[in-house]
Structures are given as structure tokens and as C-alpha cells.
Amino acid sequence: MPHPRKFYLRLHFLFLGIVLAIALFICIPQAPNARNTVSAIERSQDIELAKKLGQDIIVACPVVTDVKNLAAFNSCADKLSKLKILHDTMNAPFLWGAQSKVGNYNIKDSQTTAFDPLVWRRIYLSTFMFKGEPQIEQINNLIVIHLPTQFRNQFDIGAYPYPFWHSSKKWDSYQQSTELLLFLEQGKLKGALRSAVVDPQRPKVNHAWDGKWVWTDARGQKQPYVALYTRLFSPSNPHVAKVDAAYRAFETKLRQNACVVCHSPDNASKQNPLIMLSYPNQALSLRHETVRQIKEKRMPPPAGIFDDRERQQLIELAQIFAQAGDQALAYEGEKITSGKN
């Protein structure tokens, strides 16, 4: 057995060695964590992208004194349609709705509708005007773009994608929200919300809801006109008539099978996000996903269309519509996605 004094001396030196090793480990500079470095760079790039996005949207659609100015409205829609930074950044589908409560930036906690990117920026975003400077807020990996806004609430009712005033709460949200919130993450705009921060002093226009989602005006024109493909696509687009005819045939068969009951703006089935099929433009949003759901007997719920022949007819019409939509959107330079996103 070793002498006790020698044993404790060895133990003492062992302890000193451990302490020295720990000290050296702490003092020596550690190699940077590549993942954290990349994340920091990506966040910085997202912040710069967010600033540029906000500034370009404000420049494209500035506040004008005359809220009824249709020329400014049309110019805004054209500029947003062609705004490259917005085109390149928007996710497909793109989510849009009203913020559930002030300070909640989790878009999944808010009721949203899924849109094709071109449809949203040309038909929905253009109903707003912007002023000032964008405010950028970072929440972990999420970048929130705050855009001070004013809604164009004095147009004829056909200038809105559908009668927002079917719900007074929704119509007030459009008219009184003080800002739009855009959500950017890892270089992609995931969606946007009308802020829950409202200004009750803003002028309101009241419309009576007559229960009609679509109508024909005194001149025989279908309304709302902004929901038509002639509003969405450029005049030179050779696929407009084809996609319109495909939608009309598809929509007729959808109504026969009660599909439009669930896929209308009032969202009777409480979908989140809602997929609308009752308007031409909005139906483009998840045109390929609709084909998949009908094939898999998920639409209409709970078990699809019982009659296989009827279901196959609807699938074929949905496929024709999806393909025509692809052609029309591709002509406009839009990215085409065919799978579930």
C-alpha cells in the first residue's frame, strides 16, 4: 500500500492538472459555430430585405388625397403586379387575414385565406395606400414589416374582391386598421395581416349586405369586376378566355355538389386557412390542391363524392382549370407550383 503522504501528493497534482486543463479550455478562443454565424447573417439579410420590401410597396401605392381616385388605384395594382422584389419573395400560397389580437404575430392564430401571390398583391394589396416609413421588428427568426396604411373605402362596391361588408367586423377591420403586418422568414414572405391596432376615428363608409356574392350591374357587367380574369391578367394574355371557360365549367359542377357552400367568403365550414372557389381569381389559389383533394375523396367532406362517375367528371374539370390557370399565370411571369405547399 502506498504511503499516505505520497498518495495525497499525487492526488494534489492530479487536481491541479484538472484545474489547469479547464482554465486552458476557457481561455483558448473557441471556433465559431458555423450554424449560428449563418443564422445571424440570414437574419441580417432578412432585415435588409424587409426594409426594401416595405419601402418599395409604399412608393408603389402612396396615399392620395382623393380616395376615389381610380387612376391611382389602377396604377397601384399595376405596379404591385410587376414589383419584382415582391414577386420573388412571396410564398405560394400566400396567407391573408386579420390579426387575432394586438401583439400576436403568430399568423396561425389568426383566421386567414390562402391566395395565389399575384391575386393577393394585385387585387387585395392594391386596395390600400401607404405612407411614411416601414417599421421593422425582429422576433427570433421572424421579421415583421409594419406598413402604415389607409384603406380605399369610397369606391363602387364592384372594386372590392367580394362584399367585405357581409361581416361588419371584417369591413371595419379594412377601414380602421392603422397598418398592415407582413411576415418575412428565411427570405420568404409567408403572409400578411390587417393589424388589430385600429383607429376608430377614421371615416367609415357603410354598405348594406343584400346577400349577393355576385351580381350583374345596370350595364350588364358581372360584378365584382375585380374578381374577373380580365382584371387580373394583362390584355395581351392569350389564355384568359380559356381559363375563364374552364373555371365556369368547373364552378358549375362544384355548385352541383355543394362544394361552394364551404368555399365561400362566409366560411361556413370554419376552414383555416380558407380556400375560396366562388370567385374566378380566388379559385386559382390552390387549383392543384383542389384536384388532389377531390381525387382522395376529401372534398366535399366527409368522404368525397359517392358517385365515381360524377367524381371523375369533377376531377377532369378541375385538372383542365388547373392547367389553364398555369398557362395564364406563366404568361405573366408567375412561378407555377403544382404540389401542396
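Looking across segment 279-311, the residues that are over 27 Å from the mean Cα position of the chain (by Cα), over 16 Å from Cys262 (Cβ atoms) and not in a helix (DSSP H, G or I) come down to Phe306, Asp307.
For residues in segment 176-221 being of a type in the set (Lys, Arg) and within 26 Å of the chain's Cα centre (by Cα), which is least open to solvent (accessible area, probe 1.4 Å)?
Of segment 176-221, the ones of a type in the set (Lys, Arg) are 188, 190, 194, 202, 204, 212, 219.
Those still in the list that are within 26 Å of the chain's Cα centre (by Cα) too: 188, 190, 194, 202, 204, 212.
Numbers: Lys188: 57, Lys190: 76, Arg194: 12, Arg202: 45, Lys204: 95, Lys212: 112 Å².
Per the criteria, the residue is Arg194.
Is segment 113-132 home to any residue that is open to solvent by less than 50 Å² (accessible area, probe 1.4 Å), farther than 29 Å from Pro265 by Cα and not basic (Lys, Arg)? The answer is no, given that none of the residues of segment 113-132 is open to solvent by less than 50 Å² (accessible area, probe 1.4 Å), farther than 29 Å from Pro265 by Cα and not basic (Lys, Arg). The residues in segment 255-276 that are at pLDDT 90 or above and open to solvent by less than 20 Å² (accessible area, probe 1.4 Å) can be counted, and the count is 3.
Taking the criterion of being in contact with a helix residue (DSSP H, G or I) (Cβ under 7 Å, 6 or more places away or on another chain), under 16 Å from Gln138 (Cβ atoms) and either outside any strand (DSSP E or B) or charged (D, E, K, R) (or both), the residues of segment 170-202 that qualify are Gln186, Gly187, Lys188, Lys190.
Does segment 103-123 hold any residues that are charged (D, E, K, R) and either within 24 Å of Glu137 (Cβ to Cβ) or under 12 Å from the mean Cα position of the chain (by Cα) (or both), and which are they?
Here is the first cut: in segment 103-123, the ones charged (D, E, K, R) are 108-109, 116, 121-122.
Selection gives Lys108, Asp109, Asp116, Arg121.
For segment 74-85, a tally of residues being under 16 Å from the mean Cα position of the chain (by Cα) and either buried (at least 22 other Cβ atoms within 10 Å of the Cβ) or on the phi > 0 side of the Ramachandran plot (or both) returns 2. Listed conditions (1) of a type in the set (Gly, Ala, Ser); (2) under 29 Å from Ala98 (Cα atoms); (3) assigned to a helix (DSSP H, G or I); (4) touching a Pro at 6+ places or on another chain (Cβ under 9 Å) are all met by Ser269, apart from (3). Scanning segment 77-92 for residues that are part of a helix (DSSP H, G or I), within 27 Å of Leu142 (Cβ to Cβ) and touching a residue at least 24 places away in the same chain (Cβ under 8 Å) gives Leu80, Ser81, Ile85, Leu86, His87, Thr89.
The values are calculated or read from the model by the stated rules, or taken from the named source; none is laboratory data. Keep in mind that what you see is a predicted model, and the values were worked out from it rather than measured. Virtual Cβ from ideal backbone geometry, glycine too; neighbours counted across all protein chains shown. Ligands, DNA and RNA are stripped out before the accessible areas are found, and what is left, the full protein with its side chains, is counted by its heavy atoms. Shrake-Rupley method; radii C 1.70, N 1.55, O 1.52, S 1.80 Å.
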